[in-house]
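Visitor: The structure that follows is given in the form of structure tokens.
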Amino acid sequence: MEAMAEKRILVVEDEPRIADVLERYLRAEGFATERAANGRRALELWRAFRPDLILLDLMLPEIDGLAVARTIRAQSDVPILMVTAKAEEVDRLVGLELGADDYITKPFSPREVVARVRAVLRRAGGAARPSRVYRAGAVEVDLDAFEARCGGERVPLSPTQLRLLAALVRAEGRALSRHELLDELGEPFVDARTVDAHVKNLRRRLGPCSGAIETVRGVGYRLRPV
Ligand code: CA
């Protein structure tokens, strides 16, 4: 059999005993794993570890699984396998506003989890996904790799800056209001002037491409190909 790239699984589970078992089974099956015991850590590791799949417990300290899933789903198509002790919540969770790919109810057998992980990875790998690379002149935003480029050179951006830039590129030259941009960032209730601060930082990071973001007086911002 040809060697397959090791798939990475992020196990988000606050009960150490359960997390131990899951990691042991997944590693025995050839997966690489990382563990987060709370929602905040889950988001950190999602960014740092770039998992191929997230096994996400619903009930978590600090930031619950639902909020974690929403945050991740706003920025990524990474498969999420939800783990919940509440069977009745499942309908509300799966596929709806959340975007989880599948779910498992507790108590579960670790073998079942591994089988489910494989099935979800297979589905995710098989489906042709729309490309999420957007271009406008020299500016390129790649939401799959989660990076931006200016004339082919990688520009280091924060997730907020990247999403802001992606929204402007997708608007294809149309001006977006500050409120529209906040909606894109998932922060609709924040002061609209926050956008100005984000744009200022974004321009600074963009270097030679900074002129691409044009201020439209009385409206907001638009991207002009440079
Ligand atoms: Ca829990």
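Read-outs throughout are calculated quantities, based only on the coordinates presented, and are distinct from any laboratory measurement. Quick caveat, the model's predicted, so the values are computed rather than measured. Methodologically, a virtual Cβ is constructed for each residue, glycine included, from the backbone with ideal geometry; neighbour enumeration extends over all protein chains shown.
Visitor: Cα-Cα pairs above 18 Å in region 1-82: how many percent? Don't skip to the answer; put the middle values down first.
Guide: Working: 1197 of 3321 pairs.
I get 36 percent for the Cα pairs in region 1-82 exceeding 18 Å.
Visitor: Moving on. For region 133-223, what are Rg and Dmax over the alpha carbons, in angstrom?
Guide: For region 133-223, the Cα-based Rg and Dmax read 11.9, 35 Å.
Visitor: Positive end of the charge dipole of the chain (Lys, Arg +1 and Asp, Glu -1 on Cβ, about the Cα centre): tell me which of Pro16, Pro225, Ser76 has its Cα farthest that way.
Guide: Most positive-ward Cα: Pro225.
Visitor: State the Cα centre-to-centre distance between region 32-78 and region 105-169 in whole Å.
Guide: 14
Visitor: Something else: Divide the volume of the convex hull of the Cα atoms of the chain by its number of residues and quote the answer in cubic angstrom per residue. Could the numbers behind the result be given before it?
Guide: On the way: hull volume 31.1 nm³, N = 226.
Spread over its residues, the Cα hull of the chain gives 137 Å³ apiece.
Visitor: A further question on this structure: Based on DSSP, what percent of beta bridges with both residues in the chain are antiparallel, to the nearest 5? Intermediate results must be reported in sequence, preceding the final value.
Guide: Working: 17 of 35 bridges.
Here the antiparallel bridges make up roughly 50 percent for the chain.
Visitor: Report the full-extension gain for the segment Asp191 to Asp102: residue separation times 0.36 nm, less the Cα-Cα distance, to one decimal in nm.
Guide: 28.4 nm
Visitor: For region 164-218, what relative contact order do you get, as a whole percent, if you take Cα pairs closer than 8 Å and at least 6 residues apart?
Guide: Details: 27 pairs, mean separation 14.4, N = 55.
Computed over region 164-218, the figure is 26 percent.
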